Amino acid sequence: MQEPSLSAPAAAIASLNEPTPARSTSAAEDRVLVERAQGGDTHAFDDLVRKYTPKLYGLVYNMTSNREDTADLLQDVFAKAYRSIKRFMGKSSFYTWIYSIAVNMTLNFLKKRGRHHKISLDDVDTGIENDPDFIRVTTANTGTLREVNIHELQKRLNAAMMKLSEDHRTVVTLYDVQGLQHAEISKILGVSEGTVRSRLFYAHRLLQTYLEDFVK
């Protein structure tokens, strides 16, 4: 499938990407920490928690749009990871493993909350307006984005993300916000790369539709 070309709305979401450290170096550090944690070193697991909390917070928050839910879910994610760490065989990288736990637990939470749960702009966590990621979206890239009402665009971006299905919001969060590649997302979600590309293409089209009347 041809890669989707991003119009202004989807490009705004994509502008959240930041350079990430070399995976090989990070993976090697993780392996050492995991081996120590599997041997009962709680400080090593604490190091993993500190390393992955910022990224996982962004992942869960962009899927739930609620800080309290995010904090609760992160506690549950790391608790499950701690209980399961001795069963981690290293067949995938640790970050793929911990991302999979976070995504699955968040999706389960969203399904329990209800697919038809309605979220108005008043109900959505207003803290998003000060979130660094969304500030970067509304101040970077093009003169067009600088000219719009930043406060309103933040609301529109957040509301547009919440209109996506859980599956589509997940791939947008992992790809556009977290900066993961198709192959990495495929491993995390347990679906083919083609499915990842299809979901991204459809999600970007939906975001463009939701925002096209605001960002030209």
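We did not get these values from a lab; they are worked out from the coordinates using the rules stated. These numbers come from a predicted model, not from an experiment. Neighbour counts are summed over all protein chains in view; Cβ atoms, including those assigned to glycine, are modelled from backbone coordinates with ideal geometry.
Sort Met105, Met63 so that the residue with the fewest other Cβ atoms within 10 Å of its own Cβ comes first and the one with the most comes last. Present the calculation step by step, with values, prior to reporting the outcome.
Details: Met105 16, Met63 27.
Listed from fewest to most nearby Cβ atoms, that is Met105, Met63.
What do you get for chymotrypsin sites (Phe, Trp or Tyr not before Pro) in the stretch 70-100 restricted to DSSP loop and a cutoff of at most 16 other Cβ within 10 Å of the site's Cβ? Walk me through the numbers before you get to the answer.
Working: sites: Phe78, Tyr82, Phe88, Phe94, Tyr95, Trp97, Tyr99; in loops: Phe88.
Qualifying residues, ordered by number: Phe88.
Each Lys or Arg adds one and each Asp or Glu takes one away; over the other residues whose Cβ falls under 12 Å from the Cβ of His168, this sums to +1.
For the stretch 68-102, the list of trypsin sites (Lys or Arg not before Pro) that fall in a loop by DSSP and count at most 15 other C-beta atoms within 10 angstrom reads Lys91.
Straight-line reach from Lys111: taking Cα to Cα under 22 Å and skipping same-chain neighbours fewer than 8 places apart, the lysines in range are Lys80, Lys163, Lys187.
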